[in-house]
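In what follows, a single structure is set out as structure tokens and then discussed.
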Amino acid sequence: MPLAFDLQNVSFAYEGVNAIRSLSLQIERGDRIALLGANGSGKSTLLKLLDALCFPARGQITFLGVPLTQERLRNDSAAIEFRRRVGLVFQNPDAQLFNSTVLDEVGSGHFRWNGQRKK
């Protein structure tokens, strides 16, 4: 059974400032993990990478054995399949994608990634 997520030597920087440097991490299906660390330690960046809201400058991320890349998610069916299985609810309600509450955000599964209602 493939890993839920497999990160190999992943690095990401904001305007030249490293947020994540050479991170390797494996998360098995069914695992529950907690990310702990000081402000600015890369927790939110890691979650954004796992949700494909941003992509590593170096290294590779796979989801269920399939590389998680911008090119792959440009394919609508691949993007929809991934978004049906992986989501991120932001801590700050002002940063929610479509709704002002976590309950409404989680319940918005009837929306496509681009915000258009499915028929």
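What follows is calculated from the coordinates using simple rules that are stated; it is not laboratory data. These numbers were taken from a predicted model, which means no experiment stands behind them. Using ideal geometry, Cβ is built from the backbone for each residue, glycine included, and neighbour counts are taken over all protein chains shown.
Computed quantities for the displayed model
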read-out: Derived scalar couplings ³J(HN,Hα) [the stretch 58-63; Karplus, 6.51 cos²θ - 1.76 cosθ + 1.60; whole Hz; x for Gly, Pro]; value: 9, x, 9, 10, 10, 10
read-out: Peptide ranges 48-58, 79-89 listed from the most packed, as the mean C-beta count within 10 angstrom indicates; value: 48-58, 79-89
read-out: Long-range amide H partners of Leu68 with built H, under 5 Å; value: Ile61, Thr62, Phe63
read-out: Among 29-36, 5-12, the order from most to least packed when residues are scored by Cβ within 10 Å on average; value: 5-12, 29-36
